[in-house]
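Have a look at the structure below before the remarks.
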Amino acid sequence: MYKQLYKTDEVHEVEQHCAETVMLGEEATGPTKHFPVVTVNHILKDVLTNYLQEEQYDPELCRQMTKTISEVIKAQVKDLMIPRYKLVVIVHIGPRHGQSILIGSRCLWNPKSDTFASYVFRNSSLFALANVYAVYFE
């Protein structure tokens, strides 16, 4: 989308393109249907519970389960048919050995239209954290 420019006569073209991009962002109206965070939280809870309730922590199994669970969550959220939202689904699974873990994330987005849903699952052997980031595509 953006190209590197080394000639000074093309700099004005890039400045004009950036100004047009800012103008479009200011004129945009935002989503007609907002992302249903509560519904997605229920999806996260159901999927994590159904897949991990009886599981014991095993690194190889959990590595595969993160991929499977991510795909299932993404498919179920897409079935909600929320227009113009791009989805990012991230699942972490780790062992429970009495220690703690901090997981952080940073995103660049519009707080008026973009949002996320998150759920933490625990059983006697493992923990799982699932995040769904919903970014409105204008």
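Here are the numbers:
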item: Fewest-first ranking of Phe35, Phe137, using other Cβ atoms within 10 Å as the exposure measure; result: Phe137, Phe35
item: Per-selection Kirkwood Rh - segment 30-136 (Cα, Å, 1 d.p.); result: 14.6
item: Relative contact order (%) - segment 68-138, alpha-carbon pairs under 8 angstrom, separation at least six; result: 41
item: Separation of alpha-carbon centers, segment 94-114 and segment 29-65, rounded to whole Å; result: 14
item: Under 18 Å between alpha carbons - lysine pairs in segment 30-136 that sit 8 or more apart or on different chains; result: 10
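Every number here is computed from the coordinates shown, using simple stated rules; none is lab data. Note that the coordinates shown come from a computational prediction; the quantities given were computed from them, not determined experimentally. Backbone-built Cβ (ideal geometry, glycine too); neighbour counts: all protein chains shown.
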